[in-house]
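Novice: One structure follows; several queries about it will come next.
What follows is calculated from the coordinates using simple rules that are stated; it is not laboratory data. Only a predicted model underlies this, so the values are computations on that prediction, with no experimental measurement involved. All Cβ positions, even for glycine, are placed from backbone atoms using ideal geometry, and neighbour counts span all protein chains on display.
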Amino acid sequence: MKQRKVPLRMCVGCQEMKPKKELIRIVRTPESEVILDSSGKKSGRGVYICPQKECLQKAIKSNRLEKNLQHPISEEVMNRLKIGLGYDTNEK
Ligand SMILES: [Zn+2]
């Protein structure tokens, strides 16, 4: 029996390899916008992250998100990502 390969991607937060389906894609579009890509099909430079606040915080703190996207993450973008992931933006 042939085993089907599950595509794995690394989370920018915890840096664990996880099935692509369990991760959320964050993409920097050709228009230099940083957005959540729920379809996973937007063009641009993308990174993957677990849908967990800890991972988003880790990714920001370590600057891995900025580095991987090669784009600065402004407060506004950060808030949009948090809202998109369903987090309270007032929470620090
Ligand atoms: Zn993670």
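Novice: Could you work out the mean projected area of the convex hull around the alpha carbons of the range 39-85, in square nanometres to one decimal? Kindly include the intermediate steps, with their values, before the conclusion.
Specialist: Details: hull surface 13.2 nm².
With the hull built on Cα positions only, its mean projection is 3.3 nm².
Novice: Going by average Cβ density within 10 Å per residue, which order do the peptides 27-34, 39-46 take, highest to lowest?
Specialist: Per-residue Cβ counts within 10 Å, averaged per peptide and sorted highest first, yield 27-34, 39-46.
Novice: To test your reading of the geometry: what angle, between 0 and 90 degrees and rounded to tens, separates the Cα axis of helix 75-84 from the longest principal axis of the chain?
Specialist: The angle comes out near 50 degrees.
Novice: Let me ask you something else. Over the Cα atoms of the chain, Rg to Rh with Kirkwood Rh, two decimal places? Can you show the working numbers first?
Specialist: Numbers: Rg = 13.4 Å, Rh = 13.5 Å.
Across the chain, the Cα-based Rg/Rh ratio is 0.99.
Novice: Okay, moving on. What length, rounded to one decimal in nm, is gained on full extension from TYR87 through to SER38, with 0.36 nm per residue of separation minus their alpha-carbon distance? Walk me through the intermediate numbers first.
Specialist: Numbers: separation 49, 0.36 × 49 = 17.64 nm, distance 1.58 nm.
My answer for the length gained is 16.1 nm.
Novice: Something else about it: For the pairs LYS18/LYS53; LYS5/LYS41; LYS5/LYS61; LYS5/LYS67; LYS18/LYS61, note any where the Cα-Cα span goes beyond 26 Å. Let's see the in-between values first.
Specialist: Working: LYS18/LYS53 16 Å; LYS5/LYS41 20 Å; LYS5/LYS61 32 Å; LYS5/LYS67 29 Å; LYS18/LYS61 21 Å.
Result: LYS5/LYS61; LYS5/LYS67 exceed 26 Å.
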